[in-house]
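Below: the structure, in structure tokens.
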Amino acid sequence: MEYEPAVYCGRCGRKAPRWISWSVANPGRRYYACVDAQVSSVLQHGFIEWHDNPTTPFLRVLLGDLRDRVWKLEDDAAAMCKDGDAGAGAFCMEVHKRNEQSAGDVPGASSSDNFGRKELMLVCGIVIFVSGLVVGMILS
């Protein structure tokens, strides 16, 4: 949670982490919210403030479409391995091996919960970075 200037929760006084929204209205937009907002509705301190300005309608649609595509590819890959597709044998073995390694990182997590999380984060990061470059070139 290292960022400057620090943003603090007005209710409990703790430093608020910066989150990333993947909602339809604000895909990829960063915001601050108390940790308790993510834990329990009883303790909910909630949203504090946005870090980024609102995105353009074009970027909202683009980021939403890219997010949906990544999620669909992840689901398709998981289904392909679950169905035992003969043509995907080596791919599924590699995915299974990575899932076993990932499950060791998160206590109580099954291999299906961790399918491609690191890969998904990498792909999302690359997509967002390239999208930013393209938009920057268009606007300049």
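The values are calculated or read from the model by the stated rules, or taken from the named source; none is laboratory data. These numbers were taken from a predicted model, which means no experiment stands behind them. Here the Cβ positions follow ideal geometry from the backbone for every residue, glycine too, while neighbour counts run over all protein chains shown.
Of note:
- Residues that are surrounded by fewer than 17 Cβ atoms within 10 Å (Cβ to Cβ) and within 17 Å of residue 137 (Cα to Cα), drawn from segment 47-58: 56, 58
- The lone criterion from (1) modelled with pLDDT under 80; (2) within 15 Å of the chain's Cα centre (by Cα); (3) surrounded by 11 or more Cβ atoms within 10 Å (Cβ to Cβ); (4) assigned to a helix (DSSP H, G or I) left unmet by residue 102 is number (2).
- Scope segment 1-21; condition at pLDDT below 85 and under 26 Å from residue 135 (Cβ atoms); matching residues: 3, 4
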